[in-house]
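A quick write-up on the structure given underneath.
Since every read-out is calculated from the coordinates, none of them should be taken as a lab result. Values in this document were obtained by computation on a predicted structure and should not be read as measured data. We place every Cβ from the backbone using ideal geometry, glycine too, and count neighbours over all the protein chains shown.
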Amino acid sequence: MKSKSHAFKQQAADALVNVSLQKALLNAKDGFIVKRKKAMDELPEFERLRTKAIEIKEHTLSHLDQYLEYFEQQVIKSGGTVHWASTTTQAQQIIVELCKQANARTVTKGKSMVGEEAAINDALEAAGFEAIETDLGEYIIQLANEPPSHIIAPAIHKSKQEIADLFKDHHKKYNFNSKLETIPEIVNEAREVLREKFINADVGITGANFLVAETGSTLIVTNEGNGDLTATLPKTHIVISSIEKVVPTLEDTSVLLRLLARSATGQEITSYTTFFNGPKRNSDIDGPENFHVVLLDNGRSNMLQNENHEMLKCIHCGACLNHCPVYSAIGGHAYGWVYPGPMGSVLTPIMQGLDEAKDLPFASTFCGRCEEVCPLSIPLPKLLRQHRNHIHHDKLNTSRSRLGLALWAFVASRPALYRPLSNSFIRALGWLGKKSGRFSWLPFASAWTQSKDLPAPAAQSFMSAWTQQQAKKKSSENE
Amino acid sequence: MNNAREEIFNRIKSKTRQNGQDAASIIERRLSAHQRGPVPVFPEELLERFILKLKNVVGTVKEISDMSELPAAVSEYLSSLNVEQKIVTAVPEIHSLNWPADFEVNNRAAISSDLSSVTMAYAAVAETGTLVLQAAKETPTSLNFLPDNFICVLKQQDIHTSMEDIWDAIRKDDKGMPRVVNFITGPSRTADVEQTIQLGAHGPRYLHVIIIRQAGSD
């Protein structure tokens, strides 16, 4: 999809007054946090697993070309083909071409964030294929013609009623006309509609949570089983993934799997974790005849040596979204592209350009919870701060904020100037706000005071209180 | 076709510093060492742990002492669900059993209209209550996902501690990586509508494990 990240501020403002979205966010937020915490409390090995996971990712990224080469060789040995795409356009071309070769009409898809990144559905539809998302959340947002609002729960912003209305509109053509009221009714109708699609699909496209170099396996974790039906029933199985997803061995994969589900949904393991290794073998009585893996770069290789390389450790669990006060307030769509929340605020400027997404690095309070819950300890606040530095350096911010920062830097880097100035400023504010203890209006601070009062500062700065206290101590010692 | 492969590898090589021979032996060592990370420990016996964890994810269990008891166990389970006495399986050991006369046993992969399937697990992981299934002629993958009612036979001696034990078992078989390895933990589920868990999203609505107890175990 085309990025709308440049309109972040307006989208965030709209999200805050969207009643049904706010209700959905409230409903979702605590569920993820509570379930994750419970799962982590039951895992005393968490910190050791985290340390090992970081070692695995750092080791793999520093030998990325060799592991990718090894992975490719193993896929070929098992009878599959690996295709390489530098750009999302190349990925689209490869997949459209493979679907043409398969004489496909219907293409079913398992959930893939890389597929979203490369806008595979748009390309397939433009080429005349019927492309159907089969993960229930992805299916719902496909009907609504919306991007995912969460990387593991794409339709988290939709209410039961909104989903029932969507199904009513879109399922008429399949002769489903009953009024859906309960969640089981909704899930059952989707099951029946999509069952037909699974059976009739010519090509199935899934993502991959990891690629195992040792065996050439691609693997997916799901709860619905849609990914497995997508991979098993059609004649052609195409896996779309990205180059940083490779890990060395099956043992390394097991380490990451123990962290992934717990961080994402609080499950110890998802209902289905499946390793795929090439097409149907001679003795098999089911399975796809063709097996293709499409590996997308899209700027990742350029991140290897710069400060953003930390982001390549991400295993897409979504914990940083669930624990982010900004994401919890505005939801995923405000971020304007496929990756929302802290990880999205780091990735979108890299993939869509700093100018396009220059507001995202500021969509953070730097509270640090994202880094704290990240199973790979990715320093997300640090990466966002780096983006902010670049935005300032490249003069992408407003002249007003640049002037403010310049004045601040001038004063703050000169203690002889800063101390008397800040002292008198704080004293004045403290005196003015003595009565009520807060300000409902202040010059140059309307952005703050519009929505909340500014607390009045203490009448004295820390430095002056410290100096006084030290002087007192000295004089009492001298007595 | 494009030359993306070369471009990508050139970009990666220019950004990761490594000296050929050394790097090659580093990754070879890593790939052959199969070094394990931290593996969670648990106090229960393997069978007890497996059943405990399976029940947590709404799987059901029946223990029998011999394969010959399987038809009765399957029949009883299907009756409890109030569905037809009819299964699909591809395991020779299962369809050659002595099934009741009015019981229909189809010997093939699954098709959309199949309501109940019976297949054989390759192994199980006690840590998480997980069944492990391999794609093979006798155990086609469609049996695990298409029918509403998925019945899986597991031999007690095939229950291992962790996922890592499964990798060792597959290596010991020395037949290479199977085409598909499914780790299955409970029936199909979704929480995509208002974060409410609903079973039977696309895959089986019910998962029933019939464990054949190891001779001599109690």
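The figures follow:
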read-out: For the range A:400-478: rounded, prolate or oblate by the Cα gyration tensor [a/c cutoff 1.5]; value: oblate
read-out: Ellipticity estimate at 222 nm from DSSP helix runs (n ≥ 4, -39,500 (n - 2.57)) divided over chain A, nearest 500; value: -15500 deg cm²/dmol
read-out: Residue-by-residue Karplus 3J(HN,Hα) for the range A:448-458, coefficients 6.51, -1.76, 1.60, Hz, glycine and proline x; value: 7, 6, 4, 10, 7, 6, 9, x, 6, x, 4
read-out: Shielding by partners, peptide A:83-89 (average Cβ within 10 angstrom, other chains); value: 4
read-out: Helix-derived mean residue ellipticity, 222 nm - over chain B, DSSP H n ≥ 4, -39500 (n - 2.57), to 500; value: -9000 deg cm²/dmol
read-out: For the range A:43-301, share of DSSP beta bridges that run antiparallel, in % to the nearest 5; value: 25
read-out: Quarter of the Cα convex hull surface for the protein assembly as shown, i.e. its orientation-mean projected area (nm²); value: 39.0
read-out: Exercise: per-residue mean of other protein chain Cβ atoms within 10 Å, A:295-302; value: 4
read-out: Order by protection proxy (mean Cβ within 10 Å, highest first), peptides A:37-49, B:196-208, A:444-456; value: B:196-208, A:37-49, A:444-456
read-out: Convex hull of the range A:386-443 built on C-alpha atoms - directionally averaged projected area, nm²; value: 5.6
read-out: At R0 = 60 Å, FRET efficiency that the Cβ-Cβ distance of A:V19 and A:N478 yields, to 0.05; value: 0.35
read-out: Cα gyration tensor, the range B:43-212 - rounded (a/c under 1.5), prolate or oblate; value: rounded
read-out: Number of partner chain Cβ atoms within 10 Å, mean per residue of B:196-208; value: 6
read-out: Amide hydrogen neighbours beyond the local backbone of B:H160, cut-off 5 Å, H modeled; value: B:A124, B:V125, B:A126
read-out: Distance from the range B:112-186 to the range A:109-127 (C-alpha centre basis), Å; value: 31
read-out: Unmatched cysteines, chain A - criterion: no other Cβ of a Cys under 4.7 angstrom; value: A:C99, A:C314, A:C317, A:C324, A:C367, A:C374
read-out: Sequence-distant lysines (8 or more away, or on other chains) whose Cα lies within less than 28 Å of A:K4; value: A:K23, A:K29, A:K109, A:K111, A:K158, A:K160, A:K245, A:K313, A:K358, A:K382, A:K395
